[in-house]
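Read through the structure below, which is laid out as structure tokens, and then see the notes.
The values are calculated or read from the model by the stated rules, or taken from the named source; none is laboratory data. These numbers come from a predicted model, not from an experiment. Positions of Cβ are generated from backbone atoms using ideal geometry, with glycine treated the same way; all protein chains shown enter the neighbour counts.
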């Protein structure tokens, strides 16, 4: 009898532990991920004014209250840009039609990347200009936003370089929350990191008190 009682207790506690662990992992898995805030305390994206592929002026007010995925590229790039934008297409398709998620693809070569050029390029991805915006404009403002707002590249003494000869070439995708804060940076050429970005967007969509 004692052996049966002991065996019963062992089975009971194993079953109880299994139920607890199942509940624990389920609730942990279902909880949204808490993302860090990058940059100095209080850092937020600055005001800007660029032109999208439709010739429309886009400002900070147009993206206010939205989640934004930001990149810098140029249409004639034969290196990392094609791979980056194929990965950005994956981000776009994951949230296509979601009005709370925008993609801001900035050119680093505005002299060549006119509105018409950006429009033609955007058609390769069937990009809805209301959600995936290909932005061109003043080179200095584009570069200042890259370095000092989106933090896509380390700030250094390039600020002393003549803007005409300055050039940014980065593989980073940046995730900006509804409040204009930087919440993640990802290698846009790396499939695993892009998948993490897609998952992190989902976490931010349910985050409160932004």
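A few points about this structure:
- Taking every residue in region 162-173 that is over 18 Å from residue 75 (Cβ atoms) and pairing it with any residue that is loosely packed, with under 13 Cβ neighbours inside 10 Å and modelled with pLDDT of 75 or more, at least 6 positions away or on another chain, the pairs with Cβ-Cβ distances below 8 Å are 163/140.
- Only listed residue being in the same structural domain as residue 72 (by TED's automatic domain parsing) and at pLDDT below 90, chosen from 170, 136, 158: 158
- Filter pass, residue 126 being in the same structural domain as residue 180 (by TED's automatic domain parsing) and at negative phi: no
- Residues that are part of a loop (DSSP other than H, G, I, E, B) and free of Cβ contacts under 8 Å to residues at least 60 places away in the same chain, drawn from region 118-131: 124, 125, 126, 128, 130, 131
- Strands (runs of 3 or more DSSP E) (entirely within region 47-117) containing at least 1 residues that are touching a residue at least 24 places away in the same chain (Cβ under 8 Å) and within 20 Å of residue 204 (Cβ to Cβ): 67-73, 101-107
- Residue check: residue 79 meets all listed conditions (1) at pLDDT below 95; (2) within 15 Å of residue 179 (Cα to Cα) but one, namely (2).
- Every test in (1) under 29 Å from residue 191 (Cβ atoms); (2) at pLDDT below 95 is passed by residue 109 save one, and that test is (2).
- Conditions (1) surrounded by 19 or more Cβ atoms within 10 Å (Cβ to Cβ); (2) at pLDDT below 95; number of the one not met by residue 165: (1)
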